Every structure is written in C-alpha cells, then in structure tokens.
1. Test of understanding: what is the full-extension gain from A:GLU46 to A:ARG275, defined as 0.36 nm times their sequence separation minus their Cα-Cα distance?
2. Which of the trypsin sites (Lys or Arg not before Pro) found in the stretch B:50-80 are loop residues per DSSP with 14 or fewer other Cβ atoms within 10 Å of their Cβ?
3. Which residue, chosen from A:TYR144, A:PHE35, A:PHE221, occupies the Cα position most advanced towards the positive end of the dipole of the protein assembly as shown, where the dipole is computed from +1 (Lys, Arg) and -1 (Asp, Glu) charges on Cβ about the Cα centre?
4. Over all distinct Cα pairs, what is the inverse of the mean 1/r for the protein assembly as shown, reported as the Kirkwood hydrodynamic radius in Å?
5. Run the numbers on chain B and let me know its relative contact order in percent, using alpha-carbon pairs under 8 Å that are six or more apart.
6. Once you keep just the Cα pairs under 8 angstrom separated by 6 or more residues, what percentage relative contact order results for the stretch A:30-175?
7. How far apart, in nanometres, would the label points at A:VAL74 and A:GLU192 be if each is projected 7 angstrom from Cα along the Cα-to-Cβ direction?
8. Can you pick out the pairs among B:LYS36/B:LYS152; A:LYS14/A:LYS233; A:LYS14/A:LYS229; B:LYS39/B:LYS131 whose Cα atoms lie more than 18 Å from each other?
Amino acid sequence: MTRPVAIVGVGQTKPGDRSEVTYPDLVREAVQAVFHDSGIDPDDIESVIFGSMPSMMEGVAMNHFYLADALRGVGKTFMRTETCGTTGISLAFSGYYSVASGFADLVLVVASEKVNEGDAQATMSTVAEPFYQRPFAAGAPGMYAMLPNEWMWKHDIEEDACRDAAATLSVDHHRDAVRNPCAHIRREFTLEEVKSAPVVVYPIRLLDVCPTSDGACAVIFASERIAKKMRQKPAWIKGIGFRGDEYVVGDSDRVESHCATDAAREAYEMAGITRPLEELDVAELYNPFTFVEMLHMESFGFCEPGTATARVLNGTFSREGTLPCGPSGGVLCTNPIGATALIRVAEIVLQVTGRAGDHQVPGVKLGLAHGLGGVNQFNGVMILGSEL
Amino acid sequence: MLTVNKRGHPILEAEASIPYELAYGPTWHRFFEELKQEKIFGTRCPKCERVLVPARTFCPRCFVDMGQWVQVSNAGTVANWAICNLAFFGAPFKPPFITSLIKLDGADNTFFHLVGGFDLEDVNLVGRIMKRGVRVEAVWERTKKGCIFDIKYFEPL
C-alpha cells in the first residue's frame, strides 16, 4: 500500500549558455530556488536524489560527488538516477516512490546539465554500442528523422501537411517560450522562417530542433502530512507509468511505440483517466524535435494514430486549444538534457497550482509530464493534479 | 590552461581520452568472420522463429538462446532512410551520408547501414532514387577488417 505524494516546491535556473558560472554554482541556483519557493528548511530534507547525463557528457565522472555540496546532500541519504533523456522522469519516479513507500517524508530531487561544456551529439552517439549501431547513429537527429518518415508512410500523411504541422508547433512553442522566464530561446519565428531553416537531417530543419542549454531543476516531494501543512497549494501525483523497449534499432516498431502507449496507459489507469484529450487540461511532452511530438500525442491517446497532423493544424494542442501541449515553450526552446524531463514535471506542478505566471493556462486541474530516452526506447509519464 | 570561450568567459580546456578493449564475444566474432567472407548472418529464435540480423546470442523478446545461424541475402529493400548533413565528433564519414534501415531478404528485422554509390550532393537525384521499398545490395570493401565497414554501403539496384 502506497501513501499519497505531493510536490511542494520547484526551482529552476535561468537556462542558456551559462559558461559564466561553474557547474556546482549552476546547480546551487536551482537548489536555492526550490527552498525559497517551498519555504522548507534544508535540514528537514531526509533524502537527496540527483541525476544528469552520462559522465562522458559532463566532463566529470559520476558528478554527484562533485555536486554534493551544491545539492545540500551532506549528511543525507543520497542516490543517483540516470537514464539518458528519461533521467528527469526517472528521478521523479525515485522521488515519488521514496515518499509513497514510507521511506521518507521529504525528498529533494535535482537534475542538471551543462550541455555547452561538452559535446552532446558525440555523447549520444556513444550511447549506441560500438560494433554495429554507433557509426550510423549520427547523434540524436539522425535517428529521430527516421521516426516521422515512417509515421508519414504508415498513415499516408501528406508530407506538406506534416511539414506545416511541425512548423506550427515550432511557431507556437517559440511564441509560448517568450512568456516563460525559465525558457532558453525566447524569440518568435514565423512559419516561413521555420520552413526555410537549414535542413539538419531531412525532414528535420534547424527550427524543428531543441537548443543547447545549460540549466538545472529541483523539486521537493512530500508526504500528505507535510504537504497539507505547507503555506502554498501542493501538486498531487495522480498517476505514473514507465516502460522500456528493445535495444537494437530495427527490431521493434518505434513509431506506434508500445513503450510510450503502455507507459501512458499505466499512468491513466492509476489516475482514473479514460478520455485523456477531454480530462487532461495541459501536457508537457518531451519534444526535442517538432515531428516527434506528434507521435507522442498519438501514443498517449490525445488523438487517433495518423491524425496528429490535422489536430495540430486545427489548433487542438495550441495554448487556446482543447489540450494545450508545451505552454512553457517545451523542450524545443529549452533542453538542459539531464534536467529536461524533470522540468516537464516542474512545469506541470506550476500549471496545476496556478503559479505559472505569464504562461499559465487558465483553469488547469490535471496535467501530464513526459520523459523520453534513447531512440524512443524509454518513456515515462507522470500525471499531476490540483486535488488529492 | 586558463583561456576564454566564444562568449569571453574564462574556461579550462580539458580532455579525457580513454582507450577501451570491448569484447566481441563468440556471436559478434563469428558474425564479423562471416562478414569478411561477404556473408551476412542472422540467428533464428527457436521460440518466436524470427531471424534477427546481426546474429544475436539470445532473443531479446523470448530471452532464450538463439540456436540456428541463418545466412540472409546481401540484398534487401529500404524500409527507412535519412540523409544527414551534419558532421559529428568522431563520426566515421563526411556528410552528406544516407543512413538506412534495410529489410534484408530472409531476415525478420531491419539492418542498419549506409546507402550510397551515387552523388549524394545532388538533392534531386537523391529524391528520385531514395524511396521506401527501393531494392539495394551490399557493396564490399576489397580489404576486410572484420568490422561493420567491411560493407562499404548498400547500393540501389
């Protein structure tokens, strides 16, 4: 039997090129922000859980040692969780279960990345084994270009319509990011600018791709007893689901991805959601590429397979639509990779507690946060609500 | 050494270069020995009966030992492809290059490799040639090294 769990505070850094500060100073910024936001005494934290991308990307191996002071981890139970792109949502899982199991009442969860200090795409290529897949991986864009191609072929989606829908997502997310003080790229672009941007890996163009961001995110998980004593409204965890898929690219269908579908189904069952499009008020999908966001809209049951293009074009997922996706500007505008999925959770916390400021979607009660890792190999979903 | 980055902030330029010895094990070893003979081998799962290339020690779905080695064709059809215009650190080929998932005849999954043998700088030519379902065949390096590059690329027929 698990206990109810809430998130009682979030802290984010100002992301971007943060080469004016050291890595620990950047992490400390998020940690200070979460204690300021929650009003919790750091001494009351029982357990600290941290994660980032692999050591190869950080330049310092197993950087939780290096960052322990900035994490206020001294004298606490300490754990590291690291699953590549899904790191942030895996961390949220670790935080959730630490409290739900009765192990702790207050857990600090922190994720960070200084992407500008290393070479993200080189690191990503080394995530593939060296015998067969690595030379062809071509960083993340090479692999992620094949998914929309296959999706278009499978459902006979017209290429121009798909291009227009992806460009619409880019325009919408960039416009939303201008309202979010914790977004990295805060500049609007036109449809024409997106559609004429240089091709990275066809059909993905430069403005279909996330930026290189440094940033950190901190979240405090709390038991019901503590959450109810807090000065501000907590966000309650209503459902979680996580699934993995097979490793070798070419063995399984990564478009109608079972791991994404099953992760969402598990989270929906736990939250009692049967009609996600109608019941959810907001979603923060893990969208480093515009095209791939549409695949997840389908995997998560926001619309039928093959219909996301039309739904994006008719505004279903825009800020004013039935289910706004990515009102923060999403991963497309801010991607400190190890922290990115935890930022999705933090943003949904802000939305369901009505504290998202200029990028608040009105009347949000229930929201979905998503993390994605590997070549659509790992998917994690967390549903948060304003009521217990 | 203290230097400055493109934004004028002080940085330490550091590098970690580590040599590795990554074991092939018997399955990769035989696969690459066969590749040197210009043969592409998969293994068949005794339970789900899928033939997976490259050869595996165990079936990722059934978790049973793969028994039978099966030679698949050096030709197949393009199931998916992407043309890459970006160079990555340590990448073995210069852009543009085409990565492709190829359904080799006799295999139940797709095989990851390059498609080439024509002018990839010519966008119109690439558009005309590269379609889902196009037939391709392996082109081999003359000198074999027992690695995945013994196949130079797959060329459209």
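Nothing in this text is a laboratory measurement; each read-out follows from the coordinates by a stated rule. The shown structure was predicted, so the numbers you read here are calculated from the model rather than taken from an experiment. We place every Cβ from the backbone using ideal geometry, glycine too, and count neighbours over all the protein chains shown.
1. On the way: separation 229, 0.36 × 229 = 82.44 nm, distance 3.76 nm.
Extra length from A:GLU46 to A:ARG275 when fully extended: 78.7 nm.
2. On the way: sites: B:ARG50, B:ARG56, B:ARG61; in loops: B:ARG50, B:ARG56, B:ARG61.
Within the stretch B:50-80, the qualifying trypsin sites (Lys or Arg not before Pro) (loop, at most 14 other Cβ atoms within 10 Å) are B:ARG61.
3. A:PHE221
4. Taking the inverse mean of 1/r over all distinct Cα pairs, the protein assembly as shown comes out at 24.2 Å.
5. On the way: 292 pairs, mean separation 28.6, N = 157.
Dividing the mean separation by the residue count of chain B yields 18 percent.
6. On the way: 146 pairs, mean separation 33.2, N = 146.
Once divided by the residue count of the stretch A:30-175, the mean separation gives 23 percent.
7. The answer from the label model is 5.9 nm.
8. On the way: B:LYS36/B:LYS152 12 Å; A:LYS14/A:LYS233 24 Å; A:LYS14/A:LYS229 29 Å; B:LYS39/B:LYS131 26 Å.
A:LYS14/A:LYS233; A:LYS14/A:LYS229; B:LYS39/B:LYS131, as the Cα separations exceed 18 Å there.
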